[in-house]
Amino acid sequence: MYVCICKGITEKQIQDAITSRNSNNPKEILKALGVGSDCGTCVEDAVSTLLEHSAKSPYEMKDSSNKS
């Protein structure tokens, strides 16, 4: 599903960016993809998608297990 119509960014592209960058920082990921840089309507949905995927990503699980 498209998250950002202006830039043609999909949920999958956001998920792939999280994985490839080993980051779940919303500002970093959205800036890298250009999400929200035109009309801004998509920012809330994009951040929601990012946070949802971050909770499931192997990077996050690995990161949180190292904190114990």
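The values are calculated or read from the model by the stated rules, or taken from the named source; none is laboratory data. The model shown is predicted, which means the values in this text are computed figures rather than measured ones. Note: ideal-geometry Cβ built from the backbone for every residue, glycine included; neighbour counts use all protein chains shown.
Brief remarks follow.
- Pairs with Cβ under 7 Å, 6+ apart, first in region 3-16 and in contact (Cβ under 8 Å) with a residue 12 or more places away in the chain, second part of a loop (DSSP other than H, G, I, E, B) and surrounded by fewer than 14 Cβ atoms within 10 Å (Cβ to Cβ): Cys6/Asp38; Cys6/Cys39; Lys7/Gly34; Lys7/Asp38; Glu11/Met1
- Residue ranges of helices (runs of 4 or more DSSP H) in the chain with at least 3 members polar (S, T, N, Q) and modelled with pLDDT under 95: 11-21, 43-56
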